[in-house]
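The structure appears right after this line, and notes come after that.
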Amino acid sequence: MSGQLKEVRNRIKSVQSTQQITKAMKMVSAAKLRRAQDAIIQMRPYSQKLQEMLSNIVSSVSGDVSMPLAEERITERVLMIAVTSDRGLCGAYNANVIKLTRQVINEKYPEQFKKGNVTILPIGKKGFEFFTKLGYNVVSDYWNIFSNLSFESVRGAAVYAQNAFLRKEYDRIELVYSQFRNAATQVFTAEAYLPIPKVEQKAGAKNVDFIYEPSMDELLLELMPKILNTQVYKAVLDANASEHGARMTSMDKASENAGEILKALKISYNRARQAAITTELTEIVSGAAALQG
Amino acid sequence: MQLEILTPEHKVFSGNVYGIQLPGTNGSFEVLDNHAAMIAALGKGKMKVLVDKHNTDVYEISAGFVEVLNNKTSVLIEDATALA
């Protein structure tokens, strides 16, 4: 009887320590999430101003400017930039990014994939491991950006993608990541990265008579890569915040589940203890009764 | 005039200044109070913020843009290293 009791006690102990770990992980994720959100907020004024400049210039440009980064070619080779995380234990987060990446390949580029012309640029260890294991073509220079997340390291990946596009190594580049909404919701998106989608001339744009240095066309050519860099940086920051959000919710669920298991275990522990006491009592009572005989 | 220096990672500078010297792609230039509206590309070089007539902050930048509009100057750069 006491053997069973001990067993239950040990299980309770182990579930308790698991719960402690999941609780701690949740707290850590919450703190990291805050920092990740701060980084997004810090980046916002920069990217807004950049967009503003772009629309200012575009609204004053009369004809079309030929931009090599916007060149539409026949799609033969495709690069997918997939942003996952370095670590697991964050629910279905990584699985969803990978699933969406493969879905986009299956739906939009099945021909190219059959010819082996689809390459993946994974950011984050999980995606890198997954795609390498499945034998995809992988660009493996940029997967460890998250170990030291800075604009500098993200720009390396963005510049690589732009240069490879200009060298005609890829005709189309897509960016798959998870947009950050709030701690509980991530929106998994695939967006076209290159060639640059046509910039619409907004009718309502204010027409200020700017002095352009050196010239409008050259400015546009300079501005475009910077905007593309920020686009990847934003995707990576969003993915980072999403990861911590996803981990926070999944660790919260795990702590909750541990609590439920603990409750059930405690009930069975008490029941076993009570049963042991009852049998012991019956033994004593019946022993005494036999003596009195 | 009002000056804002922004990078993707943080706001480097924000406040009222006397003027700013910038390394344009076609040579260095200076923006003072009531400069005309302008958008310019910046090259590699030193950026000098003239906080007032005696104090200056110097930064090393590699590339970026500046927009001047209604006495408000915004400098967008990807990285700025402060020089003492």
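Within the stretch A:104-116, residues that are among the small types (Gly, Ala, Ser) have Cβ atoms under 9 Å from residues that are not in a helix (DSSP H, G or I) in these pairs: A:Gly116/A:Asn137, counting only partners at least 6 apart in sequence or on another chain. Cβ separations smaller than 8 Å between residues 6+ apart or across chains give the following pairs from the stretch A:122-138 residues that are assigned to a loop (DSSP other than H, G, I, E, B) to residues that are polar (S, T, N, Q): A:Gly124/A:Thr84; A:Gly124/A:Ser85; A:Gly124/A:Asn94; A:Tyr136/A:Thr119. The residue of the stretch A:147-191 that is surrounded by the most Cβ atoms within 10 Å (Cβ to Cβ), among those that are over 18 Å from the mean Cα position of the chain (by Cα) and aliphatic (A, V, I, L, M), is A:Ala161. Residues in the stretch A:109-130 that are of a type in the set (D, E, K, R) and within 28 Å of A:Gly88 (Cβ to Cβ): A:Lys125, A:Lys126, A:Glu129. Filtered by the rule that a residue be surrounded by fewer than 20 Cβ atoms within 10 Å (Cβ to Cβ) and in contact with a helix residue (DSSP H, G or I) (Cβ under 9 Å, 6 or more places away or on another chain), the stretch A:99-118 gives A:Asn106, A:Gln112, A:Phe113, A:Asn117. Of all the listed residues (B:Thr81, B:Thr56, B:Thr25), the sole one being more than 9 Å from the chain's Cα centre (by Cα), hydroxyl-bearing (Ser, Thr, Tyr) and at the interface with chain A (Cβ under 10 Å from one of its Cβ atoms) is B:Thr25. Residues in the stretch B:29-46 that are within 11 Å of chain A (Cβ to nearest Cβ) and among the small types (Gly, Ala, Ser): B:Ala36, B:Ala37, B:Ala40, B:Ala41, B:Gly43. Any residue at all in the stretch B:24-38 that is within 25 Å of A:Ile57 (Cβ to Cβ) and of a type in the set (Ser, Thr, Tyr)? Checked against the condition, which is being within 25 Å of A:Ile57 (Cβ to Cβ) and of a type in the set (Ser, Thr, Tyr), the stretch B:24-38 yields at least one hit.
For the stretch B:20-38, the condition holds for no residue, the condition being that it is buried (at least 16 other Cβ atoms within 10 Å of the Cβ), in contact with an Asp or Glu (Cβ under 6 Å, 6 or more places away or on another chain), in contact (Cβ under 8 Å) with a residue 60 or more places away in the chain and farther than 24 Å from A:Thr230 by Cα.
Listed here are the residues, each with its yes/no results for (1) at pLDDT 95 or above; (2) of a type in the set (S, T, N, Q); (3) outside any loop (DSSP other than H, G, I, E, B).
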| residue | (1), (2), (3) |
| --- | --- |
| B:Glu9 | no, no, no |
| B:Phe29 | no, no, yes |
| B:Asn34 | no, yes, no |
| B:Ala41 | no, no, yes |
| B:Val58 | no, no, yes |
| B:Thr81 | no, yes, yes |
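For A:Val236, the test of being more than 30 Å from B:Asn26 (Cα to Cα), in contact with a Phe, Trp or Tyr (Cβ under 9 Å, 6 or more places away or on another chain) and β-branched (Val, Ile, Thr) is passed.
From B:Val75, B:Val68, B:Val12, B:Val17, grab the single residue that is aliphatic (A, V, I, L, M) and away from chain A (no Cβ under 11 Å). Step through it out loud before you land on a result.
On the way: B:Val75 fails: away from chain A (no Cβ under 11 Å); B:Val68 fails: away from chain A (no Cβ under 11 Å); B:Val12 fails: away from chain A (no Cβ under 11 Å).
Sole residue among the options that is aliphatic (A, V, I, L, M) and away from chain A (no Cβ under 11 Å): B:Val17.
The values are calculated or read from the model by the stated rules, or taken from the named source; none is laboratory data. Only a predicted model underlies this, so the values are computations on that prediction, with no experimental measurement involved. Cβ: placed from backbone, ideal geometry, glycine included. Neighbour counts: every protein chain shown.
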